[in-house]
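To start, the structure itself, in structure tokens.
The values are calculated or read from the model by the stated rules, or taken from the named source; none is laboratory data. Since the structure is predicted, the reported quantities are computational estimates derived from the model, not experimental observations. No Cβ is skipped: glycine too gets one built from the backbone with ideal geometry, and neighbour counts run over all protein chains shown.
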Amino acid sequence: MKRAALLTALCLVSMSSMAANAAGFDGRWSVSVVNRSGTCDSYRWNVGIARGKVTDIEGQTGSAAGGIAGNGAVSIRLTNGSDVLTASGRASGPSAFGSWASPTRGCKGTWTANKI
């Protein structure tokens, strides 16, 4: 019984620590999305992050899921109707970078971001 309680306590502390680390990336980010293949446009968006999760993407009417983990791993999925865009990458301090793909549009490219 003591062992189960100890494991539970360790898991809770670990999850709390991960959430606190992810909070370090909270705020507004300016994201530049560059198309490298296909006919998609390149964009610049402002994105909101709270408790490590995407809260909004300026000018977008679709939905967003994912965010930035405490270790800086970025994983985001955007949907707008039948269009899907997935992005992954790495954040460190006030900057981030990675790649994205839209299988529904046949496009892919890179992205960079800076905290604003």
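Could you identify the single residue in Ala4, Ala73, Ala64, Ala22 that is among the hydrophobic types (A, V, I, L, M, F, W, C) and at pLDDT 95 or above? Steps first, please.
Working: Ala4 fails: at pLDDT 95 or above; Ala64 fails: at pLDDT 95 or above; Ala22 fails: at pLDDT 95 or above.
So the residue among Ala4, Ala73, Ala64, Ala22 that is among the hydrophobic types (A, V, I, L, M, F, W, C) and at pLDDT 95 or above is Ala73.
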Quiz item: What tally of residues in the stretch 50-76 results from selecting those that are at positive phi and free of Cβ contacts under 8 Å to residues at least 24 places away in the same chain?
Solution: 2
Quiz item: Which of the following residues is under 14 Å from Trp29 (Cα atoms), β-branched (Val, Ile, Thr) and more than 8 Å from the chain's Cα centre (by Cα): Ile68, Ile57?
Solution: Ile57
Quiz item: Considering the stretch 26-84 alone, what residues qualify as being among the charged types (D, E, K, R) and either farther than 19 Å from Phe97 by Cα or in a strand (DSSP E or B) (or both)?
Solution: Arg28, Arg36, Arg44, Arg51, Lys53, Asp56, Arg77, Asp83
Quiz item: Of the residues that sit in the stretch 80-116 and are of a type in the set (Ser, Thr, Tyr) and in contact (Cβ under 8 Å) with a residue 40 or more places away in the chain, which one is farthest from Gly48 (Cα to Cα)?
Solution: Ser102
